[in-house]
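**Q** Below you'll find the structure I mean.
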Ligand code: TXA
Ligand code: MG
């Protein structure tokens, strides 16, 4: 049984497994990650194999603190300010990698940049200490599936492919980290996530250009590819009524009247609560075998941007809307 409670002994064991080049799934404050020693190419390759993920997607490298981040990447004044404000926490910074930093090429897809994050979940931090290595970790789901917010989701998707799952219950935030690229002329939000855009802008003291991009502009992060989070059941967004045979993903105090399968992301209309429930709700409605999932409108404020971003990707029919991948971008992850 690869899923075990995240006790100190099991965290130590997980650290040893990472050092031995094995895969360990672990909770972060956002979603469960599928971790491997970022300095070992074979271990990183095993992540791609387990996920069935296209090979050239760069991964987020997780480190226990800012000093460890500075050893791997060059951090300018902006990066330091952001790290000060948001680490440990759900902000990933894309930074210029230090040459010879020991990180496997496969983890950064051969780029000269590296995505770094210091997670705030105590189990994630304890694991990073126990492993004593930077840990590359995408979300612990099969490629194209929704991100796991519970150990059971990981077990269902990857249980037969990994050495150990550290179970610490549901993840507190439920939506992935915000990915901010600091390697261009100006900071760019590559993936809206658990740190709302406005909070990043407040620290930068400048507005961020829209992440959705102008028509014809290519994404510089695979996380921006249209088809990324994909339940099998079609999603119908911005629904103002529920049609026959549909399930309902509701939001707020006045859900649409409906007799069949229904989940309200937050009866109180709280976007943070909605974010924590989003992926589990998609999974469970997907299992209902409905004709479609009608999704009520969700405000674009705060975490609403990340929630709507996820929903739009999940709603894009396969083969449609996905821009041609370029550079490191190769399909959904
Ligand atoms: O919350 C999270 O970020 C979770 C937990 C496990 O930490 N991890 C996660 O990883 O969502 P993943 O691999 O599913 O998403 C990583 C994102 C992708 O959009 C990837 O393209 C982007 O980060 N990324 C990684 N390295 C990059 C780089 N050098 N340049 C641009 N984008 C990069
Ligand atoms: Mg993912």
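**Q** Just checking, which of 43, 49, 71 is touching a helix residue (DSSP H, G or I) at 6+ places or on another chain (Cβ under 9 Å) and on the phi < 0 side of the Ramachandran plot?
**A** After ruling out the rest, the residue left standing is 43.
Here is a yes/no grid of residues against (1) part of a loop (DSSP other than H, G, I, E, B); (2) assigned by TED's automatic domain parsing to the domain that holds residue 170; (3) free of Cβ contacts under 8 Å to residues at least 24 places away in the same chain:
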site	(1), (2), (3)
243	yes, no, no
248	no, no, no
254	yes, no, yes
257	yes, no, yes
290	yes, no, no
299	yes, no, no
307	no, no, no
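**Q** Can you tell me which of 216, 174 is at positive phi, out of contact with any helix residue (DSSP H, G or I) (no Cβ under 6 Å at 6 or more places or on another chain), assigned to a loop (DSSP other than H, G, I, E, B) and modelled with pLDDT under 95?
**A** Selected residue: 216, the only one of 216, 174 that is at positive phi, out of contact with any helix residue (DSSP H, G or I) (no Cβ under 6 Å at 6 or more places or on another chain), assigned to a loop (DSSP other than H, G, I, E, B) and modelled with pLDDT under 95.
**Q** Test residue 80 against the criterion of being more than 16 Å from ligand 1 (Cβ to nearest atom), modelled with pLDDT of 95 or more and assigned by TED's automatic domain parsing to the domain that holds residue 190, and give yes or no.
**A** So residue 80 passes the test.
**Q** Could you run through segment 108-161 and say how many residues are part of a loop (DSSP other than H, G, I, E, B) and either within 12 Å of ligand 2 (Cβ to nearest atom) or touching a residue at least 12 places away in the same chain (Cβ under 8 Å) (or both)?
**A** 27
**Q** Now for a different question. Looking at 9, 70, 29, which one is surrounded by fewer than 21 Cβ atoms within 10 Å (Cβ to Cβ) and either within 16 Å of ligand 2 (Cβ to nearest atom) or outside the structural domain of residue 137 (by TED's automatic domain parsing) (or both)?
**A** 29
**Q** In this structure, does residue 165 turn out to be more than 15 Å from the chain's Cα centre (by Cα), touching a residue at least 60 places away in the same chain (Cβ under 8 Å) and buried (at least 24 other Cβ atoms within 10 Å of the Cβ)?
**A** For residue 165, the condition - more than 15 Å from the chain's Cα centre (by Cα), touching a residue at least 60 places away in the same chain (Cβ under 8 Å) and buried (at least 24 other Cβ atoms within 10 Å of the Cβ) - is met.
**Q** Of the residues 52, 41, 89, which is farther than 29 Å from residue 275 by Cα and surrounded by fewer than 22 Cβ atoms within 10 Å (Cβ to Cβ)?
**A** Every option except 41 fails the conditions.
**Q** Do any helices (runs of 4 or more DSSP H) entirely within segment 1-86 hold 2 or more residues that are over 30 Å from residue 205 (Cβ atoms), and if so, which?
**A** 8-19, 41-51
**Q** Can you go through 305, 273, 288, 300 and tell me which one is crowded, with 20+ Cβ neighbours inside 10 Å, away from ligand 2 (no atom under 15 Å from the Cβ) and modelled with pLDDT of 80 or more?
**A** 305
The values are calculated or read from the model by the stated rules, or taken from the named source; none is laboratory data. Predicted, not measured: the structure shown is a model, and the values here were computed from it. Because the Cβ atoms are built from the backbone with ideal geometry, glycine has one as well, and the counts that use them run over all protein chains shown.
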